[in-house]
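The values are calculated or read from the model by the stated rules, or taken from the named source; none is laboratory data. Since the model is a prediction, treat every value here as computed from it, not as a measurement. Counting neighbours? That spans all protein chains shown, and the Cβs are built from the backbone with ideal geometry, glycine included. Accessible surface is based on the protein model in full, side chains and every heavy atom, while ligands, DNA and RNA are left aside. Shrake-Rupley method; radii C 1.70, N 1.55, O 1.52, S 1.80 Å.
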2 protein chains.
Amino acid sequence: MNAVATELLQQAEKLSADVVRPIPGSRKIHVEGSRPDIRVPMREIALARTPTLFGGEENAALAVYDCTGPYTDETATIDLSTGLAPLRARWIEERGDTEALHGLTSEFGRAREHDAKLAHIRFGNRVLPRRAIGGANVTQMHYARKGIVTPEMEFIAIRENQRIESIREAHLLRQHPGENFGASIQKIITPEFVRDEVARGRAIIPNNINHPESEPMIIGRNFLTKVNANIGNSAVSSGIAEEVEKLVWSMRWGADTVMDLSTGKHIHETREWIIRNSPVPIGTVPIYQALEKVDGRAEELNWEIFRDTLIEQAEQGVDYFTIHAGVLLRYVPLTAGRVTGIVSRGGSIMAKWCLAHHKENFLYTHFEDICEIMKAYDVAFSLGDGLRPGSIADANDAAQFGELETLGELTKIAWKHDVQTMIEGPGHVPMHMIKENMDKQLAECGEAPFYTLGPLTTDIAPGYDHITSAIGAAMIGWFGTAMLCYVTPKEHLGLPNKQDVREGLMAYKIAAHAADLAKGHPGAQARDNAMSKARFEFRWEDQFNLGLDPERAREYHDETLPKDAHKSAHFCSMCGPHFCSMKITQDVRDYAKEHPESLIDIEKGMAEKSAEFRALGAEVYRKA
Amino acid sequence: MNAVATELLQQAEKLSADVVRPIPGSRKIHVEGSRPDIRVPMREIALARTPTLFGGEENAALAVYDCTGPYTDETATIDLSTGLAPLRARWIEERGDTEALHGLTSEFGRAREHDAKLAHIRFGNRVLPRRAIGGANVTQMHYARKGIVTPEMEFIAIRENQRIESIREAHLLRQHPGENFGASIQKIITPEFVRDEVARGRAIIPNNINHPESEPMIIGRNFLTKVNANIGNSAVSSGIAEEVEKLVWSMRWGADTVMDLSTGKHIHETREWIIRNSPVPIGTVPIYQALEKVDGRAEELNWEIFRDTLIEQAEQGVDYFTIHAGVLLRYVPLTAGRVTGIVSRGGSIMAKWCLAHHKENFLYTHFEDICEIMKAYDVAFSLGDGLRPGSIADANDAAQFGELETLGELTKIAWKHDVQTMIEGPGHVPMHMIKENMDKQLAECGEAPFYTLGPLTTDIAPGYDHITSAIGAAMIGWFGTAMLCYVTPKEHLGLPNKQDVREGLMAYKIAAHAADLAKGHPGAQARDNAMSKARFEFRWEDQFNLGLDPERAREYHDETLPKDAHKSAHFCSMCGPHFCSMKITQDVRDYAKEHPESLIDIEKGMAEKSAEFRALGAEVYRKA
């Protein structure tokens, strides 16, 4: 082990308590698959019995999707300097198509590794990187197309089902038929369905062979809608321990993948710490680091530097790369008349390069070379939308849609190499122009997964862009977007702190879930139903625990009614003890049960019914 | 003047500084109409000149809609114990169809007025209430149908246009054509159009003749989408001064109307303080107070008590009443199978009454009697959706839609009396079932304005229901809802405090504006365009000031880059000084301008262009 600085180790050791503590009211469970090393994590929320007044029945525990890895597992030991257990290592080795290298093969990676000045921040427990053996293709898409159901695919099938097959309670299964706009929503996700979707390119499983710590997950329109959180330091802020803490914090609030957008120094070392401790796939934008290697001068970028950066990051275990290969020279002048020009960092770097050299984007001309790298490590493409609109005014313009067509062309090339591919999308788009984005993406890109930033539905609310964009994200998720890249309240203003990350993720978990409900995803409504039943029955603790943020729900409740007794009170703070519509509803229900004829002939015997009801006490709250 | 308690007066005097201070970067202006007493308030946001680097042009000040009355006017004197100036008093008197009464005519109102024990909390500057002379109809709808354009209508036309006719800058006028689903969106709002919409019942102007302090505003699908904030104390919380402060605070954040949902004691006195100090229309749910008059026993409610309550509140100046006249006896048992039964307070009160008496809802049987009261004061109906769904599971069910049909029937009756009417809507609805609500409302209720609570698009996020519902609100606003009732983060958990009110309103101002953009409301995009231009040009102060919440935008910016110099920095905190896509875009723009041929033939002369660009410096940031 290297001589990691005591300070960094200390920081790592005391990863804030609030980042790793278990989530209230629930416990980590693992559902075993066809072999004992397929152990799919879920979070099981225990529910109280229904009060006798409302029927007294048991309420089965509800399993929900869980991205938090071992960090919320009370039985797990966390040591950031060791990294997580490599749960997929055996599956990768078993396939026999990869080999451990003697060391990093990128020039940059080797230079960093041998730089003694970096010892104090270097992750000490790095294992040797792996790579495909002599030209082999090790992508999940390649296996899928050969008809192989990998352990990763089985893991995902179990994970996506969230134990729906075990739900027997009628109220939990009650669900509105959705509107899915031509998606292929299944009743139960089978491993074979996962394989088929990956084979067709309609879904991707981002899991680099050098990130065996990751828990397999899938991004595709026929699966649960996913959310991504961006972290990363910049010249202005942040350190390594802080970034790892942001990673864990992001997963706690439901990030399905995390993008490390660091641009400061020590990118390489920070990334290593992040990947080694991440159970979720990690994405990056390699051009950011490549640009740093040429001191920020875009025109000095070239294929060799970029290629070395790809290999450097692939050997660390990055699961997907944003590649702005669709920013073609001919599209660049189309942005000149925009209100906000090119707002994507990667897009503007490539635009500048294209103009400086008056040559076609080297990411485009070297696209097949990139594919060769991707398939040797199973890194997925996230084809970047470098020309996405940065304002309502620029939405759906020629530059944006021109690039999208090129991304479609590149998708076909990636698929020729069996390289998994998703497509990035806008941006800023008013509501009525969102569906056109989805429809065009599906048509141009052969149903490859769409991965959108928002979109923001208005420009006028800096400080609240998690909301302006959650509106667009929910809609485009419904229309078919597979993963939503979160936006925090700090968007356009500054770097998000921990609270901003939480706010952004909550807004996006809402958007993703609202999308799943609208698409009619199987079992999506079970959690809503469980929540609503708990609400109706005044099971306050269950309401908190079933929510996306149990801690905040409890805190808000306690602000008005702090006493513990109020947690079991059959009223709530909004209306007080004498004035509760839920209680009156229970009277209606009792009445309908006792007088089934009221459902048939309400005209009959009005006077006598009235007398009966009054005789029963006509009390808002009757003792059982 | 009565002997108002010193304590209350002191509280009123020190209405918190943050509630009344001017909004940063802008000033109150008034646009005069055809007569000098038509002075329409707007808020004018001053903008800085574009930096020379980007062109150096002037940026015209932007006028935005302003609900804050005199509270943000530096030149105004605020004295809550006096109340606001009655700006409409002359218009009302001029019409000659109303008279000042000798005193309150409701029994309850008189009793309160003569109760010496209430002197310490009574508003001291009450004027005599007015009422229509002998059966006259004094509603704006009545005037509209007679072809009269009232000063209120002209005021509204000027207000809705937000001075769009004075905008000459091309970038501000740039706007995407909207999708309005059959609405009649105008290019310019004329007083005649306002009259016509009110006459047809497609819009309402809630302005009771006893609330002459109110600034006229309109609620209708062909006008700007409005938002409502609920305030009100309950048995558990709040006092008079606190409620008035909440009123002012709500308007500060953009509440177009405010509903006073108080249920505690001193409802009557609190309401008087609120109305006398409110420039926005005030709505109430009279059944809440009626219920208190019978000590919370719903079955003891009767028409006489309710009638007296309506008159009591109409003579105070309430501008619209939520009336749950659509909760028919035959619909009540339809809710028995719901997951969350009846969640509307008013709905459950009336359901209980119907069951207890086994009689039809007295609000329904007395509906024409209610119309007689409404038209004598010009109180508008907000026909309550007492059977709205309280969970995703219960959305769009037979009870909800049965009631909606009855509300349509009642709308026609109200219109027969020329009584202005809007319709309340859900509630909890998954995204794909929202449009059905709007379509059915338009069809059943003859295009009377729809006024919805959210809808919440999922049940699983207590603590974040301002977001779950802003998604639904934006969508239903786009589809045609005229006013959105806000939901705060405390929904389902507790009573909102001031910060919650702000969060709820910001989410709803976003939803309303996103809806206006999507509908293609004239000029709606001007503020987005101004913001985006300021963003592109690094005019930080302008970005803050153009936002819905200038204070928060500035605060968030300053968290990362606190120095004043950074406010004029041509970079932002996200990427640091060396890495800014906006700057690179400016290079692209300069290039396209200098090389117009690049837009035509990008293949030509690649090598020489490249050399030229490099020769220019290829600098990210060039001194002008």
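Say the cut-off is 27 Å between C-alpha atoms; which of A:K490/A:K519; A:K246/B:K226; A:K226/A:K435; A:K226/A:K440; A:K593/B:K293; A:K490/B:K533 go over it? It would help to have the intermediate numbers written out before the result.
On the way: A:K490/A:K519 30 Å; A:K246/B:K226 38 Å; A:K226/A:K435 19 Å; A:K226/A:K440 21 Å; A:K593/B:K293 31 Å; A:K490/B:K533 19 Å.
Beyond 27 Å: A:K490/A:K519; A:K246/B:K226; A:K593/B:K293.
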| note | For B:E169, inter-copy label-point distances (7 Å, Cα→Cβ), nm, shortest first, read 5.6
| message | Quick check: at a probe of 1.4 Å, how many percent of the accessible area of chain A sits on carbon and sulfur atoms? | response | 52
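Before rounding to the nearest 500, sum -39500 (n - 2.57) across all DSSP H runs of length at least 4 in chain B and divide by the residue total; then give [θ] at 222 nm in deg cm²/dmol.
For chain B, the value works out to -12000 deg cm²/dmol.
Where does the charge balance sit around A:T458 when Lys and Arg score +1, Asp and Glu -1, over other residues with C-beta under 14 Å from its C-beta?
Numbers: positive: B:K509, B:K519, B:R527, B:R535; negative: A:D394, A:D459, A:D465, A:E491, B:D516, B:D528, B:D549.
Within the 14 Å Cβ shell, the charges total -3.
Mind running the shape call on segment A:315-417? Use the C-alpha gyration tensor, a ≥ b ≥ c as the square roots of the eigenvalues: rounded below 1.5 for a/c, prolate if a/b tops b/c, oblate otherwise.
Details: a/c = 2.02, a/b = 1.81, b/c = 1.11.
Because a/c hits 1.5 or more and a/b exceeds b/c, segment A:315-417 counts as prolate.
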| Using a label point 7 angstrom from Cα along Cα-to-C-beta, what distances in nm, from shortest up, separate B:K117 from the other copies? | 8.2
| said: Counting only other chains, and only Cβ atoms inside 10 Å, what mean value do you get across the residues of B:486-498? | reply: 5
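First check a/c for segment A:26-113, with a ≥ b ≥ c the square roots of the eigenvalues of its C-alpha gyration tensor; if it is under 1.5, answer rounded, and if not, answer prolate when a/b is larger than b/c or oblate otherwise. Mind dumping the intermediate values first?
Working: a/c = 4.55, a/b = 2.54, b/c = 1.79.
Note, shape of segment A:26-113 comes out prolate.
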| request: Please give the average number of partner chain Cβ atoms lying within 10 Å of the Cβ of each residue in B:510-520, rounded to a whole number. | output: 6
| said: On C-alpha positions alone, give me the angle between the axis of helix B:498-519 and the longest principal axis of chain B, in degrees, nearest 10. | reply: 70
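Over segment B:475-553, what is the mean sequence separation of C-alpha contacts under 8 Å (at least six apart), divided by residue count, expressed as relative contact order in percent?
26
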| note | Result for interface chain A to chain B, accessible surface buried in total, 1.4 Å probe, Å² to 100, stands at 11100
| query | Quick one: label points 7 angstrom along Cα→Cβ at A:K416, distances to the other copies in nm, smallest first? | reply | 7.4
| aspartates and glutamates near B:K416 by alpha-carbon distance under 12 Å, same-chain residues fewer than 8 away left out - which ones? | B:E368, B:E372
| query | Taking a probe of 1.4 angstrom, what is the accessible area of A:E555 in Å², to the nearest 10? | reply | 90
